[in-house]
Amino acid sequence: MTTLAERPDVAPTDGPRVARSRSDRMGIYLLLLPSLLPIVVLSVFPLLRGIYLGFTDARAGRHVEISFTGLANYRELLGDDLFWNSFKIGLLWAVGVTVLQFLLALGLALLLNQQLRFRGVARVLSVVPWAMPPVVVGILWKLVYHPDAGLLNEFFHRIDADGLRTNWLGDFNTALPAVILVGVWAGMPQTTVVLLAGLQGVPRELHEAAAVDGASTWHRFRNVTLPAITPVIVAITSLDFIWNFNSFGLVYVLTAGGPGGKTMLPMLFAYEEAFRYGNYGYAAALGNVMVVIIVALLAVYLRRRLREAN
Amino acid sequence: MFGKPSRTGRTLQYLALTGYLVFLGFPLVWLLSTAFKPPRELVQLHPTLIPSNPTVQNFVQAFTEQQLGRAALNSLQVSLASAVLTVLVALPASYALARFRTRLGTIALGWVLLSQLFPFVLLIIPIFLILRQVGLANTHAGLVLIYVVWALPFALWMLQGFVRNIPRDLEEAAAVDGASRLQVLRRVVFPLLAPGIVATALFSFISAWNEFFFALVLVKTPELATLPVALARFVGIEGTARLGPLAAGSLLATLPSLIFFAFMQRRLSSGSLAGAVKG
């Protein structure tokens, strides 16, 4: 496939708006082919096939007959308490992490945008969690939450609050909040960097004009900064929400869905269905439901933001 | 930017910044500290923040007992192959995308955004079935193939940004001087594109190095496991004294991406990865 890379001599020399001959177009397609072919074979096709599998009774194992079952998987999902439970947890997780991530990142970005000392340290530190593999972030926080050797419990001991010591990831009440906090820690850096870039694009003159007019800091934030960075906010929160809803590795390492399914995100649930129980069709149906829900929620969110903008 | 804040305002700002530094920094300090603690200090009833007798024993143990060394080598192999292949495959296409306007290009870039929406469960089952059919399930080659495809959309987007930054006039000038199409690419475009190629290769290397889900599902033989999968299996092993080697291994697994981020720091803080050729 890559031999095509050595034939750029067939590419045309004309500009984008000039009418192209047929051979020119062939050249362009030859350049694009090595990239497009793998994407079609191993990304587009599997995706379509995955969507289709959601309407079948596919199961693990060689030489298993697959038959089309229509909406049977979805009827089963409707009556599956475990699915509803996982779905509820997934929403709590995705919304919780996204909102907290955004608020904390906005605060940090505003601080980093000022002339403060230690700003350099904070900038570097705020990127490190982003650089860590999700599995390592999971391990790191497992060490922090460890019931005996953990940083958090030791902290509560040192401040004479031994009553607050608990098995954070093993307790039914604390497991989900504890996991959400990790999600925030892991995702905050990227959101901060994006928001900071947005803040740096706000024209100085606007602030100066507002300051001359006697606007307070809060008013300037509310009426100058916020409107200016709204497009950035909408873009990054939408992406964060998608990434969070589809996240897997972090929680897999932290709790593997436990205790008692309290942190069983939809992705973990689908993984178990597919690769522990071999219910490929059912797991794919679950994936389809996840896509529909993400798209629906995003549509509502984006429409409301758009209406606010007008 | 907000003019001169009052003294209480400043104090509040520094308090908030300290809060952020503690939240972001302490878990990292804890990982470092755990990685250098001897077993005796790990099982101690009340652990300390700074190890009193730091040791590198955990690193040695991580490699010898838990075979993280082999996993790291596996990861290195898979990530290097992914990086090289991604660049080779993306190079011609990104050139075409940057220099000629085609509908195909728009579609390809649209796919980048659309593919973000779909959970991996939908992809993984058919991919697993395809790889099994062609005999690449449970092999590094299969994993590399998936990583290349997975990194391609973003790599294309990134590389074509770099190509766009090379003035078209340079190419035309070389052509006027009698250089052939191939010579123009070799003498003018590729040298100027070097930073972009490095950045794309690093991106692809890191996304393969950090990837967990596909590696977990597609590779079953323990000897072939990549570093994240080996670390995740390691987590399951009970015992407080094991935390030391686990932390040490995790620290090593983070090094490549830290280097990558240090390299990209300037572009990251200016907010755009599709940065200029300058510098």
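Taking θ as phi - 60° and the Karplus parameters 6.51, -1.76 and 1.60, the scalar couplings of region A:261-277 work out to x, 5, 10, 6, 5, x, 5, 5, 4, 5, 4, 5, 4, 6, 9, 9, 9 Hz in sequence order, x denoting glycine and proline.
Phi angles of region B:138-148 translate, via the Karplus equation with coefficients 6.51, -1.76, 1.60 and θ = phi - 60°, into HN-Hα couplings of 6, 10, 5, 4, x, 5, 4, 4, 5, 5, 4 Hz per residue; Gly and Pro are given as x. Spatial offset of region A:57-136 relative to region B:10-86 amounts to 24 Å, using the alpha carbon center of each. When each of B:169, A:240, A:171 is scored by the number of other beta-carbon atoms lying within 10 Å, the sequence from fewest to most is B:169, A:171, A:240. Amide H to amide H, with H built 1.01 Å from N, residue A:56 comes under 5 Å of A:69, counting only residues 5 or more places away or on other chains. Is the shape of region B:1-138 rounded, prolate or oblate, going by the alpha carbon gyration tensor and its root eigenvalues a ≥ b ≥ c, with a/c under 1.5 for rounded and a/b larger than b/c for prolate? In terms of gyration-tensor shape, oblate. Protection proxy ranking, highest mean first, for peptides A:184-193, B:40-49: A:184-193, B:40-49, where packing is the per-residue count of other beta-carbon atoms within 10 Å, averaged. Across peptide A:114-127, the average count of Cβ atoms from other chains found within 10 Å of a residue's Cβ is 4.
Overall, the anisotropy analysis places region A:75-309 in the oblate class: the square-rooted eigenvalues a ≥ b ≥ c of its C-alpha gyration tensor yield a/c not less than 1.5, with a/b not exceeding b/c. With K and R counted +1 and D and E -1, the other residues having a Cβ less than 14 Å from that of residue A:249 yield a net charge of +1.
Note on chain B: with a GNM built from Cα contacts shorter than 10 Å, the maximum mean-square fluctuation among B:218, B:80, B:251 falls on B:251.
Starting from the Cα gyration tensor of chain B, take the square roots of the eigenvalues, sort them a ≥ b ≥ c, and report rounded, prolate or oblate (rounded when a/c is under 1.5, otherwise prolate if a/b is larger than b/c, else oblate). Oblate shape, in that a/c is at least 1.5 and b/c is the bigger or equal ratio.
Every number here is computed from the coordinates shown, using simple stated rules; none is lab data. The model shown is predicted, which means the values in this text are computed figures rather than measured ones. Cβ atoms come from the backbone with ideal geometry, glycine included; neighbour counts cover every protein chain shown.
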